[in-house]
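**Student:** Structure in structure tokens, see below.
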Amino acid sequence: MKTFYDYYRNQVNLSFEDHPFSNTPKHVWVICRFENQWLLTKHKNRGLEFPGGKVERGETADRAAVREVLEETGAEVDQLNYVGQYYVAGKGGTVIKNVYFATVSRLLDQHHYFETEGPVLLDQLPQSIKSNSLYSFMMKDEVLPQCLNRIKEDYLNLHET
């Protein structure tokens, strides 16, 4: 288990074990690849981030992950892999979130992307995300680099992000 602090100085516990904090998490975050590019979305308030959101009533976390990717980017998930789970006990309450890695088969043009401005494709993620105001706070703690390392080990043959 990895322990660190998020952008707002809340303690985060990240584990790559199978659902160590909850079998029914209420949030998901999906690190996506499409045609050898990173697929992000631009949240209207937070900036660039990987898609994600809340698990709806009666929905599994896996299904929520696929739905959120489609809603926020227009992408159809080809393969979804559980990466890990993290737990944050913040000022606004506890958040338990599954992190996934998804490969996308195609992007569909949509009239509406819910709370986002649609898909953003990047060949590489910048080294300076933490100090870059274009990126969401969710991209600025250790969850992303830790999960990217795990994804590279398990699913990708990449030398750089």
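Computed from the coordinates by the stated procedures, all read-outs in this text should not be read as laboratory data. None of these values were measured; they are calculated from a predicted model. Virtual Cβ from ideal backbone geometry, glycine too; neighbours counted across all protein chains shown.
**Student:** Whose amide H sits under 5 Å from the amide H of Cys32, counting only residues 5 or more places off or on another chain, with H placed in the peptide plane?
**Tutor:** Answer set, sorted by chain and number: Leu39, Ala102.
**Student:** I want the local charge near Gln146. Using Cβ-Cβ distances under 15 Å, sum +1 for each Lys or Arg and -1 for each Asp or Glu among the other residues.
**Tutor:** Once positives and negatives cancel, what remains is 0.
**Student:** So which residue, out of Val69, Val120, Val143, gets the largest mean-square fluctuation from a GNM of the chain using Cα contacts under 10 Å as springs?
**Tutor:** Looking only at Val69, Val120, Val143, the biggest GNM fluctuation is shown by Val120.
**Student:** Report the Cα centroid-to-centroid distance between segment 19-94 and segment 98-125 in angstrom, as an integer.
**Tutor:** 11 Å
**Student:** Out of Glu71, Glu115, Glu49, any idea which swings most in a Gaussian network model of the chain, alpha carbons joined below 10 Å?
**Tutor:** Glu115
**Student:** Work out the length of the dipole vector of the chain about its Cα centre, built from +1 on the beta-carbon of each Lys and Arg and -1 on the beta-carbon of each Asp and Glu, and round it to the nearest 20 debye.
**Tutor:** 600 debye
**Student:** Full-extension gain between Thr24 and Thr94, please, as 0.36 nm times their residue separation minus the C-alpha to C-alpha distance.
**Tutor:** This chain segment gains 23.8 nm when fully extended.
**Student:** Oh, and also: Per the helix-only calculation at 222 nm, which mean residue ellipticity applies to the chain, given -39500 (n - 2.57) for every DSSP H run of n ≥ 4 and division by its residues, nearest 500 deg cm²/dmol?
**Tutor:** -5000 deg cm²/dmol
**Student:** Sticking with this structure for a sec: At 7 Å along Cα-to-Cβ for each site, give me the label-to-label distance between Ser133 and Asn45 in nm.
**Tutor:** With each label placed 7 Å out from Cα toward Cβ, I get 1.9 nm.
**Student:** Also, I was wondering about something else. Can you tell me what percent of all Cα-Cα pairs in the chain are more than 18 Å apart?
**Tutor:** 57 percent
**Student:** Can you give the extra length, in nm with one decimal, that the chain gains between Gln79 and Glu35 once fully stretched, where that is 0.36 nm per residue apart less the Cα-Cα distance?
**Tutor:** 14.5 nm
**Student:** For His112 and Asp62, what is the calculated FRET efficiency with R₀ set at 22 Å and r taken between the beta-carbons, to the nearest 0.05?
**Tutor:** For His112 and Asp62, the calculated efficiency is 0.40.
**Student:** Between Gly47, Gly93, Gly118, which gets the highest mean-square fluctuation from a Gaussian network model of the chain, Cα cutoff 10 Å?
**Tutor:** Sorting by GNM fluctuation, first place goes to Gly93.
**Student:** Taking the number of other C-beta atoms within 10 Å as the exposure measure, put Thr73, Thr116, Thr103 in order starting with the fewest.
**Tutor:** Lowest to highest Cβ neighbour count: Thr103, Thr116, Thr73.
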